[in-house]
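Contents: one structure, followed by commentary.
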Amino acid sequence: MRQNVLGPRAVPETAAPSPDQVDGSVLAVEGLRVRYPGASAEAISDISTVLAAGDRVALVGESGSGKSTTGLAVGGLLPRDAEVTADRFAIDGRPQPLMAPGVLPRRRPDVSMVFQDAMTCLDPVSTIGTQLRTVLRDATGASRAEAKVRAAEWLRRVGLDDTVRVLGSRPYELSGGMRQRVMIAIALCSRPRLVIADEPTSALDASLARQAMGLLTDLVRESGAAMLMISHDIDLCAEFTDRVLVMYAGRIVEEVASERLHTAAAHPYTRGLLASVPTLAGAGAEWLSAIPAPTGESGGCDFRARCRYATDRCAELPPLEAGVRCWHTADVLAAPGAAAPAVPPPSLREISLEEVPA
Amino acid sequence: MSAPIRVEVDGLGKDFVGPDGRFTAVRDQTFAIDGGTRIGLIGESGSGKSTLARMIAGLATPTRGTVHVDGRDVHRLLATRAGRTEHWRAVQMVAQDTTSSFDPRRTLRDAVATPAVRLCGLTTVEANRRVDETLAFLSLPAALADRRPSDLSGGQRQRFALARALVVRPRLLVCDEVVSALDVSVQGTILNLLKNYSLEFGAAMLFVSHGLPATAFVSTSLMVMRAGAVVESGPVESVVTAPAHPYTRQLIAAYRGTPMAVAS
């Protein structure tokens, strides 16, 4: 059954029990597709996944792979002219209205989002206290006095003990790490069932990033919510989630348990991503491994123009089978290092103009 | 290739005046960069690494101290037109934010060819050939060069910013977070190209980044900055295997996946 494209609140919240309510999932999407106006291709195609309470799932991929679009679609925050369809889309068992063109985005009540850039996500002219209390009162129905007490409690929970100063500060008066903690407090204080964290730590340096992720995952675990983490940092994802969904050109190309990512990943793209992460151990290497630059070619397997395993067969889109969307899984697993070898760069002294890409 | 560069940084410091009074961004630093060495300058946001790099490149005026390139005071050199040509012929800088580093009205070919003509004294024909070679080196399709900066993706614009710097074949290349905004899958390609340029041309590099592994790969030595001062420096291997400063140790531990508490 294909859900109609309807405006917010068009589906009554007291709808008859659906199969979703039986399976106890926090998020259930099937065949989610998004197309932006004027775009020739879908931004995301055929995204399906189920998150149970407590599940921590990562979406990884390059810029433009559709991971943020997926997060925004689930959070109900896509631009008003995007076209969204799905075969099934339920949060906490309730079918969700998909956004209709022209309708203003609206926050889904059970879903919170944490973004990369806390500076632009927080209101620059209100104090942190005002922003936290507003969410507490709106989402939990707390009284003015209760909200005041709980706002300070939430700041302590995210490790900001100087509550009086922070509550009275505006975003620009705090450091980047503190702002990110404030955003985590605001996201979690509404007691969401699902937390979507889109590049939550990309603006922070490595040690702060791990601290902030640890804090976020601890608080999500305590609250029993599910978490969908979106990041380009595949190792950070694997460290803080149970399952990794790898996206390429708008599709999920691989789904793998986080703890088995380095041993069991079987898509050439996943292997390439893993090999291209610079590591301290590999810093002494002569050359780094990399995936060739994208060419924009499409049809069939979207990765084939950049893939070392590509054959004629790849002109046909492979199905997502046993968690991998590739015709050459067996070859990849036989020699995982071959997906992204370290290739010496060209010489600028002897560059040949015949090699200029068309 | 002309002689290797020698850069001497002597007591270099910078203060900014803000609402809360004077703020020292860089405490007086002294060190040298020799031709062919690639220095990785790492540190957290606000540590002063970009300000230090900008002063060395000649893009920010020091409050105290001097920078000498091949024995000549950079900030005096920059006061004359001939001096500016000489300086920018030797030293080029690429910044992270490529949106604001290109003139939005000019084509990219124009932007990349201008320094080849003005600084290297090439004819238009020679300059265009050198632009094509540089674009090919960076795997940039020549057709993109006829577009304007806003037509490109961030990754393509970043490559064009590198092209504009490399087209003059600088003897010191200062890179400020040049791969931080790129996907990890293409970072390796760019880092390989930068390292290869330095090896082939004997050019020195100052590579500013908060990402330790990538910096360690590109560099021959590391300088770790904290609160406006270099707290540790040395060959890459010794800094990575035997870090002396607590901040360096904590940074390295973070990349080894064993986070330690941050001392504030």
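Could you list, in sequence order, all residues of region A:199-233 that are in contact (Cβ under 8 Å) with a residue 60 or more places away in the chain and surrounded by fewer than 23 Cβ atoms within 10 Å (Cβ to Cβ)?
A:199, A:202, A:203, A:217, A:219, A:221, A:224, A:232, A:233
Looking only at region A:166-176, decide whether some residue is open to solvent by 10 Å² or more (accessible area, probe 1.4 Å), touching a residue at least 60 places away in the same chain (Cβ under 8 Å) and within 27 Å of residue B:43 (Cα to Cα).
Checking region A:166-176: not a single residue is open to solvent by 10 Å² or more (accessible area, probe 1.4 Å), touching a residue at least 60 places away in the same chain (Cβ under 8 Å) and within 27 Å of residue B:43 (Cα to Cα).
Take the residues of region B:203-226 that are modelled with pLDDT of 95 or more and assigned to a loop (DSSP other than H, G, I, E, B): which is most open to solvent (accessible area, probe 1.4 Å)?
For region B:203-226, the residue satisfying everything is B:220.
On the given criteria, is residue A:249 on the phi > 0 side of the Ramachandran plot, more than 12 Å from chain B (Cβ to nearest Cβ) and in contact with a Ser or Thr (Cβ under 8 Å, 6 or more places away or on another chain)?
yes
Restrict the check to region A:163-182 and report whether at least one residue is out of contact with any helix residue (DSSP H, G or I) (no Cβ under 8 Å at 6 or more places or on another chain), of a type outside the set (A, V, I, L, M, F, W, C) and within 14 Å of chain B (Cβ to nearest Cβ).
yes
What about residue B:213, is it more than 7 Å from chain A (Cβ to nearest Cβ) and without any contact (Cβ under 8 Å) to a residue 60 or more places away in the chain? Please lay out each step first, then the result.
Details: more than 7 Å from chain A (Cβ to nearest Cβ): no; without any contact (Cβ under 8 Å) to a residue 60 or more places away in the chain: yes.
No; evaluated as a whole, the condition is false for this residue.
Of the residues A:263, A:295, A:270, only one is open to solvent by 30 Å² or more (accessible area, probe 1.4 Å) and at pLDDT 85 or above; which?
Sole residue among the options that is open to solvent by 30 Å² or more (accessible area, probe 1.4 Å) and at pLDDT 85 or above: A:263.
Give the residue, chosen from B:169, B:249, B:148, B:226, that is charged (D, E, K, R) and touching a Gly at 6+ places or on another chain (Cβ under 7 Å).
On the way: B:169 fails: touching a Gly at 6+ places or on another chain (Cβ under 7 Å); B:249 fails: touching a Gly at 6+ places or on another chain (Cβ under 7 Å); B:148 fails: touching a Gly at 6+ places or on another chain (Cβ under 7 Å).
That would be B:226, the only listed residue that is charged (D, E, K, R) and touching a Gly at 6+ places or on another chain (Cβ under 7 Å).
Suppose we filter region B:36-58 for residues that are over 23 Å from residue B:213 (Cα atoms) and modelled with pLDDT under 95; how many remain?
First, pick out the residues of region B:36-58 that are over 23 Å from residue B:213 (Cα atoms): B:55-58.
Filter once more, so that each one left must be modelled with pLDDT under 95: none.
Residues meeting the conditions: 0.
Return only the number of the condition from (1) free of Cβ contacts under 8 Å to residues at least 60 places away in the same chain; (2) surrounded by fewer than 19 Cβ atoms within 10 Å (Cβ to Cβ) that residue A:189 does not satisfy.
For residue A:189, the failing item is (2).
Of all residues in region A:265-281, which are assigned to a loop (DSSP other than H, G, I, E, B) and either more than 7 Å from chain B (Cβ to nearest Cβ) or among the hydroxyl-bearing types (Ser, Thr, Tyr) (or both)?
The answer is A:265, A:266, A:267, A:279, A:281.
Out of the residues in region A:282-291 meeting the condition of being small (Gly, Ala, Ser) and crowded, with 19+ Cβ neighbours inside 10 Å, tell me which one is farthest from the other protein chains (Cβ to nearest Cβ).
A:289
State whether one or more residues within region B:107-115 are of a type outside the set (A, V, I, L, M) and within 14 Å of another protein chain (Cβ to nearest Cβ).
Scanning region B:107-115 turns up at least one residue that is of a type outside the set (A, V, I, L, M) and within 14 Å of another protein chain (Cβ to nearest Cβ).
State the number of residues belonging to region B:59-93 that are surrounded by 21 or more Cβ atoms within 10 Å (Cβ to Cβ) and either under 26 Å from residue A:174 (Cα atoms) or at pLDDT below 95 (or both).
Count: 0.
I'm trying to understand the selection: among the residues of region A:71-83, which are in contact with a strand residue (DSSP E or B) (Cβ under 9 Å, 6 or more places away or on another chain) and open to solvent by 10 Å² or more (accessible area, probe 1.4 Å)? Steps first, answer last, please.
Step one: filter region A:71-83 for residues in contact with a strand residue (DSSP E or B) (Cβ under 9 Å, 6 or more places away or on another chain), giving A:71-78, A:82-83.
A:72, A:77, A:83, listed by residue number.
Scan region A:202-260 residue by residue and report those that are among the charged types (D, E, K, R), more than 22 Å from residue A:189 (Cβ to Cβ) and either out of contact with any Asp or Glu (no Cβ under 9 Å at 6 or more places or on another chain) or at pLDDT 90 or above (or both).
A:235, A:239, A:242, A:243, A:251, A:254, A:255, A:259, A:260
Residue B:231 is checked against (1) within 10 Å of chain A (Cβ to nearest Cβ); (2) free of Cβ contacts under 8 Å to residues at least 60 places away in the same chain; (3) out of contact with any Asp or Glu (no Cβ under 9 Å at 6 or more places or on another chain) and fails just one. What number does that condition carry?
Here residue B:231 meets the rest and fails (1).
Can you tell me which of (1) touching a helix residue (DSSP H, G or I) at 6+ places or on another chain (Cβ under 7 Å); (2) more than 10 Å from every other protein chain (Cβ to nearest Cβ); (3) polar (S, T, N, Q) is the one residue B:185 doesn't meet?
Looking at each condition in turn, residue B:185 falls short on (2).
The values are calculated or read from the model by the stated rules, or taken from the named source; none is laboratory data. Model, not experiment: these values are computed from the prediction. Cβ atoms come from the backbone with ideal geometry, glycine included; neighbour counts cover every protein chain shown. These area figures cover heavy atoms from the full protein model, side chains too; ligands, DNA and RNA do not enter into them. Shrake-Rupley method; radii C 1.70, N 1.55, O 1.52, S 1.80 Å.
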